[in-house]
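Derivation of every value follows stated rules applied to the coordinates shown; laboratory data play no part. Given the structure is predicted, the values throughout are model-derived calculations rather than measurements. Cβ: placed from backbone, ideal geometry, glycine included. Neighbour counts: every protein chain shown.
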Amino acid sequence: MEQSRRTLEGKVALVAGATRGAGRGIAVQLGAQGATVYASGRSSRAGRSEYDRPETIEDTAELVTAAGGRGIAVVADHLVPAEVEALVRRIDAEQGRLDVLVNDIWGGELLFEWESPVWEHDLDKGLRLLRLAVETHAVTSHFALPLLLREPGGLVVEMTDGTAEYNASRYRVSFFYDIAKSSVLRMAFALGHEVGPRGATAVALTPGWMRSEIMLETFGVTEENWRDALEAVPHFEISETPSYVGRAVAALAADPQVARWNGRSLSSGQLAGVYGFTDLDGSRPDAWRYMVEVQDPGRPADTTGYR
């Protein structure tokens, strides 16, 4: 895909959970291809979610517009059906269509307890994580899909962590995290069966080791000096920006043959090899292949041939 082309002119997208991280990267890259993007989330300039972080959906919408699209910020809690229904009604009233739905709602970084078994994990936090990571996606699909299915060619992207192949044989962080991310993979498979015969495509998509705002803070670096973290975390060399998975979604949305992916689990690195897009630095990190072949076997960090 030629990243300079505006391949999504006239298209309308809803990125649910667009405040930061992958959601923001996806919204901006859809905008860079000319799309109108509704960026929804709970953190706005009027008030923050329990994350209590500075990123807002208004910031995201402005970045979408600056990239060349039209960004529209909408405050919505995707656990509240009435708010999601109102959001979809607004899109219908203002645009009369929905071409791309990205379910990126997550909100679990402050809730999961690393490698704590289910009997030791805080139960309230675990159940809250499942509601935020799974129930929100179901609520959003319930209300948004009738609008998306009104015209053929729609795309639904379920954002997760890990490919179906990778997660099938590996324990992911904790009982609750593992269940959440595996559930989203299965959602895409199920949606593929439901929307595919009706002219749309549903996929699961995972970034690799993504340099989100929270990840950069955790390692005490910025996007400008992220390589300073490599001494302490050498495998961080395979990491990618949120724009990379954003370009993956934009490539899918612009592909007239996107139905070939229906119901499948995909990764940013895999799709970069198919569509030809790159990360912002011109590289093509293939994080999941790297993790299987280098990181998980305990080999020294070396991204040669992986980016």
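Looking at the square roots a ≥ b ≥ c of the eigenvalues of the Cα gyration tensor of segment 19-74, which shape do they give, rounded for a/c under 1.5, prolate if a/b is larger than b/c, or oblate?
Values: a/c = 2.62, a/b = 2.04, b/c = 1.28.
Taking the square roots of the gyration eigenvalues as a ≥ b ≥ c, segment 19-74 is prolate.
What does the highest-first list of 96-107, 205-216, 172-183 look like by mean Cβ count within 10 Å?
On the way: 96-107: 23.7, 205-216: 22.0, 172-183: 20.0.
Result, highest mean first: 96-107, 205-216, 172-183.
Work out the length of the dipole vector of segment 69-197 about its Cα centre, built from +1 on the beta-carbon of each Lys and Arg and -1 on the beta-carbon of each Asp and Glu, and round it to the nearest 20 debye.
Numbers: 12 positive and 20 negative charges, 63 e Å.
Using Cβ point charges on Lys, Arg, Asp and Glu, segment 69-197 gives about 300 debye.
Could you tell me what % of all Cα pairs in segment 133-180 have separations over 14 Å?
Numbers: 694 of 1128 pairs.
Result for the distance tail: 62 percent.
Taking every DSSP beta bridge that has both residues in the chain, what percent is antiparallel when rounded to the nearest 5? Mind dumping the intermediate values first?
Values: 1 of 29 bridges.
In the chain, approximately 5 percent of DSSP beta bridges are antiparallel ones.
What helices in the chain pass both tests, a Cα length along the helix axis of 27 Å or more and a mean Kyte hydropathy of -0.5 or higher, using whole DSSP H runs? Walk me through the intermediate numbers first.
Values: long enough: 175-195 (29 Å, 0.68).
Long hydrophobic helices here: 175-195.
For the chain, calculate the relative contact order in percent as a whole number, restricting contacts to Cα pairs under 8 Å that are 6 or more residues apart.
Numbers: 630 pairs, mean separation 55.1, N = 307.
18 percent.
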